[in-house]
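Notes follow once the structure below has been shown.
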Amino acid sequence: MIDKETTKARYRAERDKRLRADGTAQYHRLAGEVVADPYAPVEPREPKTDHVTFAFVGGGFAGLLTGARLVEAGVKDVRIVDKAGDFGGAWYWNRYPGAQCDTASMVYMPLLEETGHRPTEKYAHAPEIRAQCQRIGQHYGLYDHALFHTEVTDLTWDDAQSVWRIETDRGDAFTAQFIGLGTGPLHVPKLPGIPGIESFKGHSFHTSRWDYDYTGGDPLGAPLSKLADKRVAIIGTGATGIQCVPHLAKTCGQLFVCQRTPSSVDVRGNAPIDPDWFASIATPGWQQRWLENFTDNQTGGFATTEDLVQDGWTDMWRRVRARIENIPAEERDLAVIVEALEDSDFEKMDEIRARVDAVVDDAATAQRLKAWYRQLCKRPCFHDAYLQAFNNSNVSLLDTDGKGVERITETAIVVAGVEYPVDCVIYASGFEMGSPYTERAGFDLVGRESLALSAAWSDGMRSLHGVYVHGFPNAFFVQATQGAALISNVPHNYTEAGRSIALVVAETFKRGASRVEVTQDGQDKWVEVLLAGGPRNLLSLPDCTPGYYNNEGQPLSPAARYAVGYPQGPAAYFRYLEGWRKSGAFEGLAFE
Ligand code: NDP
C-alpha cells in the first residue's frame, strides 16, 4: 500500500532542493565553432534570387510532412531551407550512440505507408529514422529545391506583390507565395551554467554534435573504441543521457555519470518487427489507423479501444481507465478523475522505483537513481540497458543531490567538493526551451503593415489551430501548441497540420485568390475556445521537480496561459480538425 502523504512530502522536498532563482537563465546557448556541422561539409553554391510557390523553414518532420502533402496537392516547387546539411531536423543533429525513438516506430516514423518502408524495430534507431527522412525527400522530390546549410535571416511580407521575401546567410534573396515554419522546439543546444565550464582544457562536446573522431565508433553502434583509455564525464541524465550511457559504459576506461535529477526509466521492450506480421497489418490506411489508435488510447476518453501499440505511453492511460471503469458513469466527476490519475501515477512510479532496486546491484547507487516526482513532471524515459550500466565496475554515478555539478576546472569536474580528473566532458544538457519563438528561430517574421511576430505575440501566442496567425497572410506554423499539443507523438501533430495546409493552399488556387489569412474574429474565437478550458498544464503540477516542462520551477509568465492545446485533448482535436477540413467552409479563414 502506497503512503500517499509521505510520498507527496518526498516529492516536495526533492523539488524544493532543486529550485533555483535563476531558472532558465542558468543555461548558456552554444555558439560558434562548437555548433558547426560535424557531419557534412558546407558546399559552395550560387545564391538564389528566384520565386517558388512554397518555402518552408526547417527540414525536419514538420517540413517533410507538409512538403509531402503539398506535392500530393500539386505544388511542385516546395523549397525547404535548413541550417543542417540534409533533411532530418533533430534526427540530423542527434547522432549520439544509442539514439532511438521513444515512441513506437509504427506511429512515430512519418509517411511509412506512402514510402513503403517497414520499420525494422518497434523503436527504431536514429540512422533508420534519418534514412526515412531522406526517403521522404526523395519520394516527393523535395531535394530538387531544398537549400541546406542555410539559415533564414529575414522573412518579410510584400503586400504589393502578395509574396514573402526571404533572405538567408548564404546571400539568397528569393520570394515565395506561401511560407511554412517548422523550426522545431529542440534545435538550439544549451550548456549547463557550471562555474569554470569555459576553463576546461580537455575535450568536450554537446551530444547533438557528437565527435566520433574523438570517441571512435559510429551512430550505427560500433564500439567507441578510442575511449578505452579515457576518463569521461557525461553531464545530464535526461532522455539523451539515458540513451548514451550504456554505450559509453561499454567502452570508456572510466565513466562518471553526473546526475542532478534522476529520470524515471521504465521498461523499453524493443523487438524486431516481423515482416510477416507487418504484411498482415499493413493494409491500406494502416498508418492513419495506428496514429489515431495511439492517440485515442491516451486521450480518447473512457471507452475501451484496442491498444495496437501497447507501450509505456498507452500504459499510463490504461491504468487510469482501469480504475475509472470500476466507477459508475454518473459518479465520474472531475475529482474522481483527478484521483484516478494520481493513484495510477503513484502506482506506476512505485513500480519504476522498484525496478531500480531489482536491476542495480549496489543499494546506495540504486537509492540515488530513483525518481521522486510524478511521471509526467519530466520526460518519461524507457530503457533496458541504462540502469544495468551502473553494475559495470568502470561506471560511477556522481549524484549531485539536486544541486548540479559544482565546478569544472582545467582538468576535472567537481561534485560535492571532490575533484574527479577527466579527459573528456560530454554535455547531455538538452536544448533551449521557453525562450520566445523568434529568438529560437533566429529571425523575426514581418507581416502585413510591418507587424513583427515578436510584437504580435509579445503577451502570448494567438492563432487559429496553432497554424494561422492574423497579420501574416500565406504563412503557416507547423507546431503543436494551440492545436492538439500531443507530446507523446509529436509527428501526429504535424501530420494533421500538413494535411490542412495543403488543403488550404489548394483552395487558394481553386478560388483564384492570391492570399489566405485568418480573420481577427476567427483567431479571437479560437483563442476563446482554448482559454475556456482554463489552466490545465498537467506538466507543471505544483509539486513537480524543475525542468523545461515547467519553466524550471519558476512562476509562469502571463503569456503561458496561451501555451495550451485544445481543451478536450488531442484525440478530440484531431476529430474536430477532420470535420473542419471536410466541411469545406474553411471557417476562420479569408481568401482574397
Ligand atoms: P534534457 O533537458 O531533458 O536534460 C538535460 C539534463 O542535463 C538533465 O538531466 C539536467 O538535470 C541536466 N543538467 C542541467 N544542468 C546541469 C548541471 N548544472 N549539473 C548537472 N546536470 C545538469 O535534455 P535531453 O537532451 O536529455 O532531452 C531533451 C528532449 O529531447 C527530451 O525531453 C525529449 O523531448 C527529446 N528527446 C527525445 C528522444 C527520443 O524520443 N528518443 C531522445 C532524446 C531526447 P535536471 O533534470 O536536474 O534539470
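Read the figures in this text as sums done on the coordinates, not as results from a lab. These numbers were taken from a predicted model, which means no experiment stands behind them. Note that each Cβ is placed from the backbone with ideal geometry, even for glycine, and that neighbours are counted across all protein chains shown.
For the listed peptides 38-48, 68-78, a ranking on the average number of other beta carbons within 10 Å per residue, highest first, reads 68-78, 38-48. For a label point 7 Å from the Cα of Ala416 along Cα→C-beta, name the residues of segment 387-404 whose backbone N is under 14 Å from it. In segment 387-404, the label zone of Ala416 (backbone N under 14 Å from the point 7 Å along Cα→Cβ) covers 396-404.
Rg and Dmax of the chain, based on Cα coordinates, read 24.0, 71 Å. For Ala21 and Ala228, a Förster radius of 51 Å and the Cβ-Cβ distance give a FRET efficiency of 0.75, rounded to the nearest 0.05.
Full extension of the chain between Gln288 and Thr49 gives 82.2 nm of extra length, using 0.36 nm per residue less the Cα-Cα distance. For Asp311, the shell of other residues with beta-carbons less than 11 Å away shows a net charge of -1, using +1 for Lys and Arg and -1 for Asp and Glu. Extension gain for Val529-His28 works out to 176.7 nm (0.36 nm per residue, less the C-alpha to C-alpha distance). Comparing Tyr123, Leu111, Ser583 along the charge dipole axis of the chain, the residue lying farthest to the positive side is Tyr123, per the Cβ-charge model. Segment 370-402 and segment 317-334 have Cα centres separated by 32 Å.
Taken over segment 350-493, the convex hull of the Cα atoms encloses 185 Å³ per residue. The helix-based estimate of mean residue ellipticity at 222 nm for the chain, built from -39,500 (n - 2.57) per DSSP H run of four or more residues and divided by its residue count, is -10000 deg cm²/dmol to the nearest 500. Between Leu220 and Glu331, what's the calculated FRET efficiency when r is the beta-carbon distance and R0 is 51 Å? Round to 0.05. Efficiency for this residue pair is about 0.40. The packing ranking, built from the mean of other Cβ atoms within 10 Å per residue, places the peptides 152-160, 168-176 in the order 168-176, 152-160, highest first. Once both axes come from the Cα atoms, what is the angle between helix 334-359 and the longest principal axis of the chain, in degrees from 0 to 90, rounded to 10? It works out to around 50 degrees. Dipole size of the chain about its Cα centre, with +1 on Lys/Arg Cβ and -1 on Asp/Glu Cβ: approximately 360 debye, rounded to the nearest 20. Summarising the label geometry, the points placed 7 Å from Cα in the beta-carbon direction at Thr519 and Arg118 lie 5.1 nm from one another. Listed by chain and number, the lysines placed with their C-alpha closer than 29 angstrom to that of Lys17 are Lys4, Lys8, Lys190, Lys348, Lys370, Lys378, Lys403; residues fewer than eight positions away on the same chain are left out.
Residues of segment 420-459 falling in the label zone of Asp154, defined by backbone nitrogen less than 14 Å from a point 7 Å along Cα to beta-carbon, are 443-447.
Between 0 and 90 degrees, rounded to the nearest ten: what's the tilt of helix 239-251 against the longest Cα principal axis of the chain? For helix 239-251, the angle is close to 50 degrees. Annotation for His203 and Tyr143: the two label points, set 7 Å from Cα along the Cα-Cβ direction, are 3.2 nm apart. Rounded to the nearest 0.05, the FRET efficiency derived from the C-beta distance between Gln161 and Ala452 at R0 = 22 Å is 0.65. Relative to the longest principal axis of the Cα atoms of the chain, the long axis of helix 286-299 lies at roughly 60 degrees. Taking 0.36 nm per residue of separation and subtracting the Cα-Cα distance, full extension of the segment from Ala363 to Ser396 would add 10.5 nm.
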